Amino acid sequence: MASVVSGTELMVRMGELATSAVVGEVLVTIGLGSCVGVALVDARRPIVGLAHVMLPESTGDADGHPVAKFADRGVPALAHAVTALGASRLEAVIVGGAQMFSFGGTDGANIGARNEAAVREQLDRLGIPIRAAATGGRKGRTVRVHVQGARVTVREVAGVEQELYGRGTL
Amino acid sequence: MTHYTDMQLDALRELANIGSGNAGTALSAMLGQPVDISVPAAQALPLANAVEAAGDPESPATGVVLPIFGDIDATVVLLFPPEDEATLCTLLGVQPGTEEGHSALGEIGNILGCSYVNSLAEMTGLTIEPRPPETVADMVGAILASVLAVRADSTNLALVMDSRLIVENQECELTFLLLPSLQGIDELLRRLGLA
């Protein structure tokens, strides 16, 4: 979890996950293409987490791969991490899973869609409802998860920040 | 995690140097302008770092992506920042930001990518076949992460060979990346007698 702090923004890079219960902090993942950003928030309290998933499942030895690289390991690891911070009623927001290119063969072409399906399957298995999603399409996205109000915002290239989810209160 | 020796990385850097030299010559012929090549780099990086190798991942760029198949699998990515894209289109006599401009960039990418890859093929005796390019305008990080994801199943390491082509007196610069599969690097090194 080698996250870099810049101001109150914590960068969650490819394959990483981060959590926060510090009001004012924001978890950020820049440039999600076929990757999926999985945000978990507590329904009542200011506790959030964000994982940057790159692929659906680990096919072999998971050693040497970051914890959130694969959906099948990353989503449970994120749920565990936010629960450890005191979160009890988890809700999810998912972002990304675009198809930016059509090449890459049968596997490469739909990594985005497979990532989204794998993330949804893991969340379903863990009984975590998805409250909002900005997935698919052909455009990259940046996601921000604010501890305050569990606000989740999304921005496309050269676009404006749009609110995808938020409680409206602390 | 795979490690490469300094000698191997030097050899790959030299390949990048020759490849981008060829691409630079092709660009110079197209534009009728002198083109400089910056000192190329060859680095083995964890994927999260590889995404950042071409600069700020949130910055916008037009990316021309050429998948390479044959004796080695690789992907060539050319990144044009918006201002440089506009300059380049103007030099080519097409309107930036139009369908025509977009397809001109794709064609430049195709020509440069092919001259780069052909010089690698000649030097190493490999049969390499580029596929038609795809052109996307998006965040640099989203473009690179989506390219890298295709081969990220079994490794968390990417070898990034990058160089910059600079059109002299025009403040126009583009980034050229070769992202070979790990098997592709092994094959390149074997052909160079450095495996």
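The values are calculated or read from the model by the stated rules, or taken from the named source; none is laboratory data. Computed from a predicted model, the values in this text were never measured in an experiment. For neighbour counting, all protein chains shown are included, and Cβ atoms are generated from backbone atoms with ideal geometry for every residue, glycine included. Heads up: the accessible areas ignore ligands, DNA and RNA and are worked out on the full protein's heavy atoms, side chains in. Shrake-Rupley method; radii C 1.70, N 1.55, O 1.52, S 1.80 Å.
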Listed residues A:Leu40, A:Leu126, A:Leu90, most fluctuating in chain A (Gaussian network, C-alpha, under 10 Å): A:Leu126
In nm, to one decimal, how far is the modelled label at A:Ala158 from the one at A:Ser88, with both set 7 Å along Cα→Cβ? 4.9
Taking Cα atoms, the helix A:71-84 axis meets the longest principal axis of chain A at an angle in degrees (rounded to 10) of 10
Around A:Ala21 (Cβ within 11 Å, Cβ-to-Cβ, excluding A:Ala21; K/R +1, D/E -1) the net charge comes to -1
Residue among B:Gly97, B:Gly113, B:Gly184 with the largest mean-square fluctuation in a Gaussian network model of chain B, springs linking Cα atoms under 10 Å: B:Gly97
Per residue, how much accessible surface does region A:4-165 expose to a 1.4 Å probe? Answer in Å², no decimals. 38
With angles folded into 0 to 90 degrees, how steeply does helix B:82-92 sit against the dominant principal axis of chain B? Use alpha carbons for both and round to 10. 70
What does the accessible area per residue of chain B come to in Å², with a 1.4 Å probe and no ligands, DNA or RNA counted? 39
How far is helix A:111-125 tilted, in degrees, relative to the longest principal axis of the Cα atoms in chain A, given as a value from 0 to 90 rounded to the nearest 10? 50
In whole Å, largest first, what are the principal axis extents of the Cα atoms in region B:6-191? 43, 32, 27
Looking at chain A as a GNM with Cα springs under 10 Å, which of A:Arg141, A:Arg44, A:Arg114 has the largest mean-square fluctuation? A:Arg44
Hits in region B:25-64: amide N under 14 Å from the 7 Å Cα→Cβ extension of B:Ile111, namely B:25-35
Between A:Asp61 and B:Met7, what FRET efficiency comes out of the Förster formula 1/(1 + (r/R0)^6) with R0 = 30 Å and r the beta carbon distance, rounded to 0.05? 0.55
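For region A:4-165, count the residues as N, evaluate 2.2 N^0.38 Å, and divide the Cα radius of gyration by that value, please.
Cα-based Rg divided by the globular estimate yields 0.95.
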Compactness ratio of the protein assembly as shown: Cα Rg over 2.2 N^0.38 Å, N = residue count? 1.02
A versus B: buried accessible surface, summed, Å² (probe 1.4 Å, to nearest 100): 2400
Given a 1.4 Å probe and every protein chain left where it sits, what share in percent of the accessible area of the protein assembly as shown is carbon and sulfur? 50
